[in-house]
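Let me begin by presenting the structure, written as structure tokens, before commenting on it.
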Amino acid sequence: MPFNRLLLTGAAGGLGRVLRPRLKRLCITLRVSDKAELGNAAAGEEVQTVALEDRQAVLALLEGVDAVVHLGGVSTEQAWDPILAANVAGVVNLYEAARQHKVKRIVFASSNHVTGFYRQDEVISPRDPVRADGAYGLSKAWGENVSRFYFDRYGIETACLRIGSSFPEPRDRRMLATWLSYDDLDRLVTACLTTPMLGHAIVYGMSDNSNVWWDNTSARHIGYRPQDSSERFRAALETRQPNIDLSDPASIHQGGAFVRTGPFD
């Protein structure tokens, strides 16, 4: 097994519940955390209830950890205060704890909403400028910058995963481009954890879809090879959604409905 102890934050969330049983094969002990209910520890697990904004709790959480899969935090567009606490202060707490405990690799769940204001008729790469589509996207751009700083100064390797839409199947025609199957999510996270030299990488989390908005060439060194595709869902989705309203910003921009969600004040 590559790791003695692996930490999964956000283990009570949608993708955390998917990865929790799968990551156990990579470690002797899987430590899972969330501020929500996690249930009882399974064999080979440690369960800790931690809020990311609690600096001392996060510091204790990373003690004895070899690597981190960081899914914790706010994952939707909403009011700024909870995003600030979990996604801004929380990510600094995580990286400071990693520095103090000499954790050398983090897989950070970023989001495609970091670049959500690019159009759907554009193909972009991680080298293109950030164009966040809301407060959530801004917070993930912040997290990517924090991870870059901690790599440049302290050598903590990070894969920033700009996750598209990870569900059992795509829910609308937008997701023909953004869909990431659960199996490909597993393959992506595993590749990031086990590649010999990660460095600081930004990777779009998508399956091998026919519609492509994101160019992952710069992250080929990781060795991620998606094996699933949204194409088998195309006919049903186009029947269900035969027309696209091109006057709707959500139909024009890659971020979909996030580009018109909020404000919440």
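The values are calculated or read from the model by the stated rules, or taken from the named source; none is laboratory data. All values reported here derive from a predicted model rather than from experimental measurement. We place every Cβ from the backbone using ideal geometry, glycine too, and count neighbours over all the protein chains shown. Ligands, DNA and RNA are excluded from the accessible area calculation, which covers all protein heavy atoms including side chains. Shrake-Rupley method; radii C 1.70, N 1.55, O 1.52, S 1.80 Å.
Points worth noting:
- Accessible area in square angstrom per residue, the stretch 1-151, 1.4 angstrom probe: 43
- Using C-alpha pairs below 8 Å separated by at least 6 residues, the relative contact order for the chain is 17 percent.
- Approximate spin-label separation VAL130-ALA41, in nm, with each point projected 7 Å along Cα-to-Cβ: 3.6
- Expressed in Å, the radius of gyration and Dmax of the Cα atoms of the stretch 64-116 are 12.3, 37.
- P(r) tail fraction, the stretch 171-210 - alpha-carbon pairs more than 17 Å apart, %: 37
- Calculated FRET value between ASP121 and ASN145, using beta carbons and R₀ = 25 Å, to 0.05: 0.35
- Distant alpha-carbon pairs in the stretch 144-184 (separation over 11 angstrom), percent: 68
- Neighbourhood net charge (15 Å Cβ-Cβ; Lys/Arg +1, Asp/Glu -1) for PHE151: +2
- Relative to the dominant Cα principal axis of the chain, helix 182-194 is inclined by about 40°.
- At the listed q of 0.20, 0.26, 0.27 Å⁻¹, the Debye profile of the stretch 1-74, built from one uniform point per Cα, gives log10 I(q)/I(0) equal to -0.75, -1.29, -1.38.
- Per residue accessible area in Å² of the stretch 192-265, where ligands, DNA and RNA are left out and the probe is 1.4 Å: 56
- Accessible-area composition of the chain, carbon plus sulfur, in percent [1.4 Å probe]: 51
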